[in-house]
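Read through the structure below, which is laid out as structure tokens, and then see the notes.
The values are calculated or read from the model by the stated rules, or taken from the named source; none is laboratory data. Here the structure is a predicted model, which is why all the values come from computation and not from measurement. Because the Cβ atoms are built from the backbone with ideal geometry, glycine has one as well, and the counts that use them run over all protein chains shown.
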Amino acid sequence: MKYDDQIIEMVCVCGHGRLIDPPSRSSAWRFGYKTEINYNDNELFCGGFTTQWKVNKGKCGVCGDRYDGKRDNEWPNGKYA
């Protein structure tokens, strides 16, 4: 087999994001709304891959919080709800 003219490319995407249009409750403070400041508003990813899939068997809090942890982003008792 000849491999001289072939390119093998591996890509890894590890992203963070936040809802900005319209802004989520966790990000609303960034747009001038009088809400609690959540500096971790780009980390609502269910606790990460291992936590979501290996610990919680694919479960995630409704608003992206850990399923088995404190849910600061959920109504009615969440700090950012």
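Quick notes on this one:
- Considering the range 34-61, the residues that are within 25 Å of P76 (Cβ to Cβ) and of a type in the set (S, T, N, Q) include one that is farthest from the chain's Cα centre (by Cα), namely T35.
- Residue-level check: of (1) small (G, A, S); (2) modelled with pLDDT under 90; (3) under 14 Å from the mean Cα position of the chain (by Cα), A81 misses just (3).
- Screening T35 on (1) surrounded by 14 or more Cβ atoms within 10 Å (Cβ to Cβ); (2) of a type outside the set (F, W, Y); (3) out of contact with any Asp or Glu (no Cβ under 6 Å at 6 or more places or on another chain); (4) modelled with pLDDT under 90 shows it passes everything except condition (4).
Matching residues to (1) of a type outside the set (D, E); (2) in a helix (DSSP H, G or I); (3) free of Cβ contacts under 8 Å to residues at least 24 places away in the same chain:
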position	(1), (2), (3)
R30	yes, yes, yes
K34	yes, no, yes
Y39	yes, no, yes
C46	yes, no, yes
D68	no, no, yes
E74	no, no, yes
K79	yes, no, no
